[in-house]
There are 2 protein chains.
Amino acid sequence: MTVTVLRMGHRPQRDKRLSTHVLLAARAFGAEGAIYSGAMDPRLEETVAEFVEDWGGGFTVRHTESWRATVKAWRGEVVHLTMYGLPVQQVIQEIRASSKPKLVAVGGPKAPREIYDLATWNVSVTSQPHSEVSALAVFLHMLFEGTELERSFEDARLSIKPRGHGKDVKTLSKD
Amino acid sequence: MTVTVLRMGHRPQRDKRLSTHVLLAARAFGAEGAIYSGAMDPRLEETVAEFVEDWGGGFTVRHTESWRATVKAWRGEVVHLTMYGLPVQQVIQEIRASSKPKLVAVGGPKAPREIYDLATWNVSVTSQPHSEVSALAVFLHMLFEGTELERSFEDARLSIKPRGHGKDVKTLSKD
């Protein structure tokens, strides 16, 4: 199953770091790519592209003028992460059972009302307020059942050799 | 086992929203409270206190002048989350097996070198760059084995009735 993340309502000034964290978490926890709506932000796209260049894999980011059009045109299923949705632990098996490509939409406290109706599933990762970053990561971790933790990223320039203490980063030259 | 989160190196201007997300994720995923170092930030503390007032539970936040002093004085074990550490899936059972209170330290890319030596465990949630918010949430989710998703928060003013579509928030009056 492939997963693409939809980050709705990005505002370059206010959300730069949070959107970067959302997109990097999407990549680290196994999404293939991401689409964001709201204001177009070349710096956001460049920042993520630099991480991908260094750390490998094929994660891509693109902007959409309309999250609604993206959701309606999606050939697969849409999972909207919201604290108001059904508990992830109750629906994750059903979501995993379908192999259709998933669009995982994350907004924020002001998610547009219409997404609740357009989504195949509205899913909550706890019914408590926290963060789109943590909701997305835990959702993907549960969707992939921890296999995402073992994932390797091809063609990386940098990679880490895990250590009990200190840091060990390998730098590989690319052709 | 009780968990307290240590958020190191907070900068009020730059980190306000990310630190808020770290602290809310700590609360939502089962930590008892949090300590933060860096600049003291009454607004950060007030923001989290307002969430606790609305959504219940006893989560507390306090500032420390010295993360080092806090770590050295900790009566229990210290888990430092860092992309350079040992894979969480390899060490989580060992960490869970000890019932001692845990201090879970999260920093950021510029975590002070000394924390690597002072920590009982340096733990990575993937060896990829993402976010202290996602690392913390997935770590706590694995530590508590998903039981944190069922947690209820006492004395809440607001609570959510999970729904497949739309929003259903209950407002309870407190005495």
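Going by accessible surface with a 1.4 Å probe and the largest first, A:F51, A:F153, B:F139 read A:F51, A:F153, B:F139.
Each other copy holds its own label point for A:K161; taking that point as 7 Å from Cα along Cα to Cβ, the gaps run 5.8 nm, nearest first. Remark on the range A:1-45: accessible area falls by at least 20 square angstrom from chain-alone to full-complex state for A:R14, A:R17, A:L18, A:H21, A:L24, A:R27, A:A28, A:F29, probe 1.4 angstrom.
Excluding ligands, DNA and RNA and using a 1.4 Å probe, chains B and A jointly bury around 4700 Å² of accessible surface, summed across both partners.
Ligands, DNA and RNA aside, A:Y84 has an accessible area near 40 Å² when probed at 1.4 Å. Dipole orientation for the range A:1-97: of the candidates A:Y36, A:P87, A:A25, A:P87 has the Cα lying most toward the positive pole (charges on Cβ; Lys, Arg +1; Asp, Glu -1). For the rotation that carries chain A onto chain B, the axis lies closest to a Cβ at A:V133, 2, where the number is the distance in whole Å. Put a plus charge on the Cβ of each Lys and Arg, a minus charge on the Cβ of each Asp and Glu, and nothing anywhere else: the dipole of the range A:37-121 about its Cα centre is then about 460 debye.
For chain B, what is the accessible area per residue in Å² when the probe is 1.4 Å?
That works out to 45 Å² for each residue.
Using a simple spin-label model with pseudo-atoms 7 Å out from Cα toward Cβ, A:Q13 and B:T2 lie 4.3 nm apart. Packing-based ranking of B:26-34, A:88-96 yields B:26-34, A:88-96, ordered from highest to lowest mean Cβ neighbour count within 10 Å. A label point on A:D117, set 7 Å along the Cα-to-Cβ line, lies at 6.2 nm from each of its counterparts in the other copies, closest listed first.
Inter-copy label distances for A:K72: 6.3 nm (label point placed 7 Å from Cα along Cα→Cβ; shortest first). As a length-normalised measure over Cα pairs under 8 Å and 6 or more apart, the relative contact order of the range B:63-168 settles at 31 percent.
Per residue of A:137-146, other chain Cβ atoms within 10 Å of the residue Cβ number 4 on average. Taking a straight line from the alpha carbon of A:K170, these lysines sit under 21 Å away, with near neighbours fewer than eight places off in the same chain left out: A:K161, B:K110. Cβ under 14 Å from A:A49's Cβ, A:A49 left aside: what net charge do those residues give with Lys, Arg +1 and Asp, Glu -1? Neighbourhood net charge equals -3.
The values are calculated or read from the model by the stated rules, or taken from the named source; none is laboratory data. As the structure is a prediction and not an experimental result, all values here were calculated from the model. A quick note on method: Cβ atoms are made from the backbone with ideal geometry, for glycine too, and the neighbour counts reach across all protein chains shown. In case anyone asks, the SASA skips ligands and DNA or RNA and just uses the protein heavy atoms, side chains included. Shrake-Rupley method; radii C 1.70, N 1.55, O 1.52, S 1.80 Å.
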